[in-house]
1. Taking the conditions exactly as written (of a type in the set (S, T, N, Q), outside any loop (DSSP other than H, G, I, E, B), touching a residue at least 12 places away in the same chain (Cβ under 8 Å) and within 16 Å of the ligand (Cβ to nearest atom)), does SER68 satisfy them or not?
2. Kindly provide the set of residues from region 19-47 that are under 22 Å from PRO220 (Cα atoms) and out of contact with any Lys or Arg (no Cβ under 9 Å at 6 or more places or on another chain), ordered by number.
3. Of everything in region 165-181, what is in contact (Cβ under 8 Å) with a residue 12 or more places away in the chain and either part of a helix (DSSP H, G or I) or within 14 Å of the ligand (Cβ to nearest atom) (or both)? Give them in sequence order.
4. Every residue in region 34-64 that is within 16 Å of the ligand (Cβ to nearest atom), out of contact with any Leu (no Cβ under 8 Å at 6 or more places or on another chain) and touching a residue at least 60 places away in the same chain (Cβ under 8 Å), please.
5. Do we have SER202 as surrounded by fewer than 24 Cβ atoms within 10 Å (Cβ to Cβ) and modelled with pLDDT of 95 or more here?
6. Name the single residue, out of those in region 182-191 being without any contact (Cβ under 8 Å) to a residue 24 or more places away in the chain and in a helix (DSSP H, G or I), that is least open to solvent (accessible area, probe 1.4 Å).
7. For region 78-102, give me the residue count where each residue is assigned to a helix (DSSP H, G or I) and within 15 Å of TYR245 (Cα to Cα).
Amino acid sequence: MSNQLLDRVVAEIADEMAQRADRGAVASYIPELARVDPRRFGLVVIDAAGHVAAAGDADVPFSIQSISKVFTLTLALGKAGDRLWRRVGREPSGSAFNSIVQLEHERGIPRNPFINAGAIAVTDLILSGHQPREALGEILRFLQFLAGDSSIVIDDAVAKSEQRTGFRNAALANYMKSFGVLDNPVEYTLGVYFHHCAIAMSCRQLAMAGRFLAHNGQNPSTGHNVVSSERARRINALMLTCGHYDGSGEFAYRVGLPGKSGVGGGVLAVAPGNASIAVWAPGLDAAGNSHLGRVALEALTKRMGWSIFGV
Ligand code: GLU
């Protein structure tokens, strides 16, 4: 199935982004991510019929980092359903991705599943009753299944790099443990968390993996029901309100789609009923979200008329 308009818009945006001088700054607090070339840019859009429009570094794997939190949330909801909400909230945080201040005020219950503390609490739930290796295998297999691609792997160098320097995440996890929010040994939970953040995927694989969120919980090409339509709608709502940390309001204002960013410079965005979108531009803005990723998505939604708030 062809989609000439989409192909043209995606190619135009990739050309425009290649010419931009404002690229943001690559994440440096994870040493391995600081080595990524800031000139990289990839964009893949998969429409409802399954047509793939791709441009730039569409097939280069990058560190998905916090985008993995969408998939761990999906798995954890499958395991615990609404019980999950006893240990994590559903409100935007209005603070940085790794903030510790709010956690003290709110007695160790993180604001939402996408800030680091919330994602660590979600990972802990997936880990319960398993060895870390099994939990990690489950997360990785879930992504391979969703993307239809068994070649997806964890970048061990990135995981080790974060494990060596993740003092703040260790602080958040220990703090939650002191309130009884985590069930497993802190080092096990953090080990699984760092490794799922270090999964490497290309824009093509990521856009494929996100299709169920754009189509009421189902992959329209395979017919697989991944989650119920109600659950997909709710995950999208959380991505819209919390998916870009304290840049979530700005992302909704400019792009108008549910989206989840990662400090590797990737963004997964969902145009409900229309498309699953993955973009990668490693330079970040001050809130830790991909700068050109957001600019590219803003151009895409405008030209395709896909904002959920109107054309
Ligand atoms: N692994 C990163 C961290 O925990 C994820 C942050 C992000 O991608 O925004 O710091």
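The values are calculated or read from the model by the stated rules, or taken from the named source; none is laboratory data. Quick caveat: nothing in here was measured; it's all calculated off a predicted structure. Positions of Cβ are backbone-derived with ideal geometry, glycine not excepted, and every protein chain shown enters the neighbour counts. For accessibility, only protein heavy atoms count, side chains too; no ligands or nucleic acids. Shrake-Rupley method; radii C 1.70, N 1.55, O 1.52, S 1.80 Å.
1. Answer is yes for this residue.
2. Just the residues of region 19-47 that are under 22 Å from PRO220 (Cα atoms), to begin with: 43-47.
Matches in region 19-47: LEU43, VAL45, ASP47.
3. Selection gives THR165, GLY166, ARG168, ASN169, ALA170, ALA171, LEU172, ALA173, ASN174, TYR175, MET176, SER178.
4. Residues satisfying the conditions are VAL36, PRO61, PHE62.
5. no
6. VAL186
7. 2
Yes/no matrix, rows are residues, columns are (1) under 18 Å from the mean Cα position of the chain (by Cα); (2) not hydrophobic (A, V, I, L, M, F, W, C):
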{"position": "ALA11", "(1), (2)": "no, no"}
{"position": "ALA14", "(1), (2)": "no, no"}
{"position": "ALA34", "(1), (2)": "no, no"}
{"position": "PRO38", "(1), (2)": "no, yes"}
{"position": "GLY42", "(1), (2)": "yes, yes"}
{"position": "ALA53", "(1), (2)": "no, no"}
{"position": "ILE64", "(1), (2)": "yes, no"}
